[in-house]
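Data block below; observations after.
The values are calculated or read from the model by the stated rules, or taken from the named source; none is laboratory data. None of these values were measured; they are calculated from a predicted model. A quick note on method: Cβ atoms are made from the backbone with ideal geometry, for glycine too, and the neighbour counts reach across all protein chains shown.
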Amino acid sequence: MPLKYTERFKNQYLKLPLAIRLKVDKSLKLLDADFRHPGLRCHPIGGAPGIFEAYVDRKYRMTYERRGDTLIMRNVDNHDECLKKP
């Protein structure tokens, strides 16, 4: 599925440490190839209809929504911060 990035996602991505950005890149490739990939542990976010969470690692998450055949990448940050404003 094609990925599109919000400005917030781009800005948050640039604030991440390099090691985490590399993990995000890997997760984005998996998401692009198959948003159901088990390693991403994608699931809907409670209280935020239509928005999904995907794992980057144990601490970091990224959020997205599906619009047709495109995934709109909304946010990427540590778990708590990412889910405050998915």
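General observations
- Of all residues in segment 60-75 being in contact (Cβ under 8 Å) with a residue 60 or more places away in the chain and of a type in the set (S, T, N, Q), the one that is farthest from LEU18 (Cα to Cα): THR70
- Residue check for ASP25: of a type in the set (D, E, K, R) and touching a residue at least 12 places away in the same chain (Cβ under 8 Å): no
- Restricted to helices (runs of 4 or more DSSP H) entirely inside the chain, those with at least 3 residues that are out of contact with any helix residue (DSSP H, G or I) (no Cβ under 6 Å at 6 or more places or on another chain), of a type in the set (D, E, K, R) and at pLDDT 90 or above are 7-15, 18-33.
- Candidates HIS43, HIS79, filtered to the one that is touching a Phe, Trp or Tyr at 6+ places or on another chain (Cβ under 9 Å) and exposed (fewer than 15 other Cβ atoms within 10 Å of the Cβ): HIS43
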